[in-house]
Amino acid sequence: MVSAAIALPMPALAKHFPRAIAVQAEREIIITHTGKLGDMLYCLPVAAWLARQRGAQIHWVLPECFGPFRYIAPLLMRQSLTSRVSLVPFKVENYDCGGQPYKFDPADYGHEGEYYNLGFRCYPDKFLPRFYAEEYGFGYDPHYTLDIGMAGLMGTDEVLRSSEGRMTKLLPDIEPLPTAIDLLTLARRIACAREFHSWFCGLAVLCWFARIPAYVYRMPGHASLDTYFPEGRTLTFREVTG
């Protein structure tokens, strides 16, 4: 598993470079999140603010039970604020209000240090990074942009869509994206495509943070745009019924 490999270097090197590893460990802050992909990506502006304020890097500790987290390590490791990504066998009981329970101690899974659980303590009533940040009195970076490393990549003639059943009914003739692929590769493919269509989901959030143009489909009244997308950036929203 890719994330397991990324989680190993520090313990493996500690035997040979104990002083360097001790310094690195002191500069790490652990952030956990138990929600789904889109909700997790909204942790990034808070993490960016925290890393800058503390002169630290972020060690992401995420539950392995949510499938897309098994493919998120390359995307998170691309961000300069990230030191490590670890998956742990924490059990998420439900996703009725984000992922619940949203708090756990990473030390229970072998990852000790200063940590913060960013998640849904209740249904959010404001822009998600602000909602996450205010629990701890933190700020967030309102201009955060996801780095997907597009230098040297060329545009394509592909027209793509996300793979939900609703999108299959709406746009049956457009090629769906694969689901079992690392998210950095997926983001780059989307960014290179001539056109991308997504349901109101994690891939739409990824596009928003990476400033990738996309058409986003949603049911009327489905989640407040002020909570998720207070400014459209590069997204064009289309409401659908039925």
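Considering only ALA180, ALA191, ALA51, the Gaussian network model of the chain with Cα springs below 10 Å gives its largest mean-square fluctuation to ALA180. Placing +1 on each Lys and Arg Cβ and -1 on each Asp and Glu Cβ, with no other charges, gives the chain a dipole about its Cα centre of roughly 360 debye. Simple spin-label estimate for ARG54 and ASP125 gives 2.8 nm between the two label positions (7 Å along the Cα-to-Cβ direction from each Cα). Neighbour counts of other Cβ atoms within 10 Å put MET167, MET77, MET40 in the fewest-to-most order MET77, MET167, MET40.
Among the listed values [x] 1, 6, 13, 16, 16, 14, 11, 9, 6, 4, 2, 1, 0; [y] 1, 6, 11, 13, 13, 11, 9, 7, 6, 6, 5, 4, 3, 2, 2, 1, 1, 0, 0; [z] 1, 6, 13, 18, 19, 17, 12, 7, 4, 2, 1, 0, 0, the one matching P(r) over Cα pairs in 5 Å bins from 0, in percent as calculated from this structure is [z].
Among VAL240, VAL46, which comes first, second and so on when ranked by fewest other beta-carbon atoms within 10 Å? Could the numbers behind the result be given before it?
Working: VAL240 15, VAL46 27.
Placing the least packed residue first, the sequence is VAL240, VAL46.
Along the Cα-to-C-beta direction of THR179, a point sits 7 Å from the Cα; which residues of region 52-96 have their amide N less than 14 Å from that point? Backbone N within reach: 66-71.
Each residue in SER86, SER198, SER224, SER80 was given a count of other beta-carbon atoms within 10 angstrom of its own, and listing them fewest first yields SER80, SER224, SER86, SER198.
Provide, for the chain, the number of lysine pairs with alpha carbons under 23 Å apart, each pair being eight or more places apart or on different chains.
Values: LYS36/LYS91; LYS36/LYS103; LYS36/LYS126; LYS91/LYS103; LYS103/LYS126.
For the chain, the number of qualifying lysine pairs is 5.
Throughout, read-outs are computed from the coordinates displayed, never taken from laboratory work. As the structure is a computational prediction, the values presented were derived from the model and not from experiment. Note: ideal-geometry Cβ built from the backbone for every residue, glycine included; neighbour counts use all protein chains shown.
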